[in-house]
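Colleague: One structure, as structure tokens, below. Some questions next.
The values are calculated or read from the model by the stated rules, or taken from the named source; none is laboratory data. What you are looking at is a predicted structure, and each value in this text was computed from that prediction instead of being measured. Using ideal geometry, Cβ is built from the backbone for each residue, glycine included, and neighbour counts are taken over all protein chains shown. Remember, those area values only see protein heavy atoms, side chains included, never the ligands or the DNA or RNA. Shrake-Rupley method; radii C 1.70, N 1.55, O 1.52, S 1.80 Å.
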Amino acid sequence: MRLRRVARASVNTPRLIAAAAREVRRADPLGTMVASVYQIIGATAALGVVAAGKLTFDALLQPEQAALGITPSLLLLALATALSGSVGPLQTQQHRLLGERVSQRVWDRVLDTTARADLVTYESSGFATSLERIQQNALTRPFAVTTSLLGLTGGLLGVVTLSAVLIGVEPLLVPILLAAGLPAVLLSRWASRTEFTFAHRLTPLARRRNYLRQLLTQRPYAAELRAFDSTGRLREKHEELNRDVNAGLRKQVRHRQLIAALTTLGVAAALTGALLAIVALVRQGRIGLAEAGAAAIAVRLLSGQLSTLFTAIGGLFESAPFLADLERFVASVPPAEARGRKRALTEGVALCDVTFRYPGQERPAVDGVDIRIGAGEVVALVGENGSGKTTLAKIAAGLYAPDTGSRRWDGAVVPAADVRASVTVIFQDFVRYQLTLRDNIVISDEYHDESDVEDAAKRAGLLAATRELPDGLDTMLGRDLDEGVDLSGGQWQRVALARALYRDTGLVVLDEPAASLDPRAEYELFADVRAMLGGRAALLISHRFSSTRLADRIYVLDGGRVVECGTHDELMSRAGQYAELYTLQSAAYR
Ligand code: ADP
């Protein structure tokens, strides 16, 4: 009920239709023109059919007055009928082209919006749901709007020309036929509302079902699903969702069938009324048989045009709430910030009394934290799961803005975009791009010299692996697209490191950079971590104390707060939480 009110209150249909018409024209000006020409041909051909029909009836009823006999009028009738019949299929194909162009334009708007959404927006659940709804509806609607708009202009043109003909015969015929329009338009408004409410209800189900489909079909999940033999159980859940979708859809389809039946009945009643009126006119001797025949043809054609017109209006009403949804989605994300400027790091980065709470969460994930990372220093964050390490790293990297407190770059508060441009982050769940090895590295920055690509690969310990690949740096990686070479977890991690090192920034944030490395590889990485970093400062998150003990400073986090800070030796001699966790971990190895 509430949703319905929202939909009704916020949709300004004429404005949206005007905006949609503009979008269609801008998407493909030439295509729009060709489609309009087809509409004009269609309307002219319909008039031709009526005129040729009149001539044919005249020739039939008064052969003595037709000097050339009935043949020319029959030929004309055949030609006009063929022309009017062939415009439809031509239009359908033209609409496919136009629809694709419009859909591309709308996709561009959606992608522009997602690109400028910041990370906090992205992580809020409302954003994901509206994005899914947009993808399911708003992206298919532009095609419907395109066809509806063209139907509207074609239908209007036909209605106007045929009405003019009928007014010549008997003006009363036109209002009789138009009377079918009002209920049709009202019914289509009703249809549009039920359709939007239905889509709102369906989206959460569809999201869950899509997720299950991904689990059941995609490679990364195949091994675990088979190991647990859990495909059957997931299929049951999928089946349950199918049942829910079917129940909702059945109800909606019944609604729509009722609406369609009522609309058709209205049109049929108007058609019958008009034909009865023609019969009455003939009986009264007000029109001749030839006029009556032509009028009957015109009535039949006009009812066809009217039904095109009403379908188009209905289509526009139906699409308007989805277009409004798209507009709201685009407007919900503020304009993009100016691109950040990469800054050198000369003193260091400091987080001063920083607090951050995720939207909808009661407890802050980071609570009054002070940390400092001097230029060239390696600083480690340790702490149990959920203690706030990753959140803090995202704040340091400019991905989240602190709720209170400040983030200082060389002592000054600078725009978040500048921080993002000046920091490199490799997350624990880094992306394995299904692209070439080179693209996997250079995607992190503007293209530099070839020697920089090789240097990054070398520092990340990838050189040997690169030599073994069939096309070296140009080898396609990953099996998701069925053409690449798959790498081991450790090798992928090195690719991510190379990506981080290629982007030459003063600070690198490394979230569990050795999680997939074997002990020897991890030892090698950290034994020479400073050489690998080449003077860059690093904020290192790791559960492995062997890798954090070399840090210049270690911050121990607990429940979003810093509870201890110092070098490894200082923290060990303090015999606090760090010493306890370190001893626990090393005892496991002894
Ligand atoms: P760590 O990296 O130390 O494991 P995180 O920074 O990931 O800790 O998480 C800190 C706290 O914030 C946890 O309580 C976690 O549940 C919460 N949290 C993390 N990410 C989100 C999120 N996107 N939305 C809401 N809460 C989150």
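Colleague: Can you pull the one-decimal nm distance between simple spin-label points at E446 and H543, each 7 Å off the Cα toward Cβ?
Modeller: A separation of 4.0 nm, rounded to one decimal place.
Colleague: Ok, one more. Within the accessible area of segment 479-590, what % is carbon and sulfur when the probe is 1.4 Å and the other protein chains stay in place?
Modeller: Reported share for carbon and sulfur atoms: 48 percent.
Colleague: Tell me which aspartates and glutamates have Cα within less than 20 Å of K251's Cα, excluding those fewer than 8 residues away on the same chain?
Modeller: Those aspartates and glutamates meeting the cut-off are E195, E239, E240, E318.
Colleague: Over segment 13-331, with the other protein chains present, what is the accessible area per residue in square angstrom, probe 1.4 angstrom?
Modeller: Values: 16690 Å² over 319 residues.
It amounts to 52 Å² per residue over segment 13-331.
Colleague: Among the trypsin sites (Lys or Arg not before Pro) within segment 464-531, which fall in a DSSP loop and have no more than 16 other Cβ atoms within 10 Å of their own Cβ? Don't jump to the answer; show the numbers that get you there.
Modeller: Working: sites: R467, R479, R494, R499, R503, R520, R530; in loops: R479, R503.
Filter output for segment 464-531: R479.
Colleague: Let me ask something else about it. Averaged per residue, what accessible surface does segment 348-587 expose to a 1.4 Å probe, in Å²? Write out the running numbers ahead of the final one.
Modeller: Details: 10470 Å² over 240 residues.
On a per-residue basis, 44 Å².
Colleague: Then there's this: Leaving out ligands, DNA and RNA, what percent of the accessible area of segment 13-331 is carbon and sulfur, probe 1.4 Å?
Modeller: 64 percent
Colleague: With charges only on Cβ, +1 for K and R and -1 for D and E, what is the dipole size of the chain about its Cα centre, in debye, rounded to 20? Could you put the intermediate results ahead of the total?
Modeller: Numbers: 67 positive and 62 negative charges, 527 e Å.
It comes to approximately 2540 debye.
Colleague: To test your reading of the geometry: what angle, between 0 and 90 degrees and rounded to tens, separates the Cα axis of helix 141-169 from the longest principal axis of the chain?
Modeller: Orientation of helix 141-169: about 10 degrees from the principal axis.
Colleague: At R0 = 30 Å, how high is the FRET efficiency between R339 and D504 if r is their beta carbon distance? Nearest 0.05 is fine.
Modeller: Numbers: r = 17 Å, r/R0 = 0.57.
Efficiency, from the Cβ-Cβ distance: 0.95.
Colleague: Here is a further query. Take F526, F427 and sort them by solvent-accessible surface of the protein heavy atoms, 1.4 Å probe, largest at the top. Intermediate results must be reported in sequence, preceding the final value.
Modeller: Values: F526 15, F427 60 Å².
Per-residue accessible area, sorted high to low, gives F427, F526.
Colleague: So, one more: Over the Cα atoms of the chain, Rg to Rh with Kirkwood Rh, two decimal places?
Modeller: On the way: Rg = 34.9 Å, Rh = 29.9 Å.
A ratio of 1.16.
Colleague: What is the sum of charges, Lys and Arg at +1 and Asp and Glu at -1, for the other residues whose Cβ falls under 11 Å from the Cβ of A350?
Modeller: So the surrounding residues net to -1.
Colleague: Next up: When the label point is put 7 Å from the Cα of L249 along its Cα-to-beta-carbon vector, which residues of segment 137-166 have a backbone N closer than 15 Å?
Modeller: 137
Colleague: First check a/c for segment 13-331, with a ≥ b ≥ c the square roots of the eigenvalues of its C-alpha gyration tensor; if it is under 1.5, answer rounded, and if not, answer prolate when a/b is larger than b/c or oblate otherwise.
Modeller: prolate
Colleague: Further question on the same structure: Taking the Cα atoms only, what angle lies between the long axis of helix 71-116 and the longest principal axis of the chain, rounded to 10 degrees?
Modeller: 20 degrees
Colleague: At a probe radius of 1.4 Å, what is the per-residue accessible area of K458, in Å² to the nearest 10?
Modeller: Only protein atoms counted, so the area is about 130 Å².
Colleague: Can I ask one more? On a C-alpha basis, how far is the centre of segment 311-374 from the centre of segment 499-568 in Å? Whole number, if you could?
Modeller: Distance between centres, Cα-based: 28 Å.
Colleague: Please label the shape of segment 140-221 as rounded, prolate or oblate, based on the square roots a ≥ b ≥ c of the eigenvalues of the alpha-carbon gyration tensor (a/c under 1.5 means rounded; beyond that, a/b larger than b/c means prolate, else oblate).
Modeller: It comes out prolate by the Cα gyration axes.
Colleague: If I fit a long axis through the Cα atoms of helix 450-459 and take the longest principal axis of the Cα atoms of the chain, what angle between them do I get, 0 to 90°, rounded to 10?
Modeller: On a 0 to 90 degree scale, this one is about 50.
Colleague: Do any chymotrypsin sites (Phe, Trp or Tyr not before Pro) in segment 146-232 lie in a loop, going by DSSP, with at most 14 other beta-carbon atoms within 10 Å of their beta carbon, and if so which?
Modeller: F228
Colleague: I'd like the accessible area for S332: 1.4 Å probe, protein heavy atoms, all chains in place, Å² to the nearest 10.
Modeller: 70 Å²
Colleague: Mind putting a number on the dipole of segment 319-400 about its Cα centre? Charges go on the C-beta only, +1 for Lys and Arg and -1 for Asp and Glu, and I need it in Debye to the nearest 20.
Modeller: For this selection, approximately 300 debye.
Colleague: Using a ≥ b ≥ c from the Cα gyration tensor of segment 348-587 (square roots of the eigenvalues), is it rounded, prolate or oblate, where a/c under 1.5 gives rounded and otherwise the larger of a/b and b/c decides, a/b for prolate?
Modeller: Here segment 348-587 falls in the prolate category.
Colleague: Once you place label points 7 Å from the Cα toward the Cβ at M33 and T272, how far apart are they in nm?
Modeller: Roughly 4.8 nm, to one decimal.
Colleague: I need the GluC sites (Glu not before Pro) found in segment 382-461, filtered to DSSP loop residues with at most 16 other beta carbons within 10 Å of theirs.
Modeller: Of the GluC sites (Glu not before Pro), the ones in loops of segment 382-461 whose Cβ has at most 16 other Cβ atoms within 10 Å are E384, E446.
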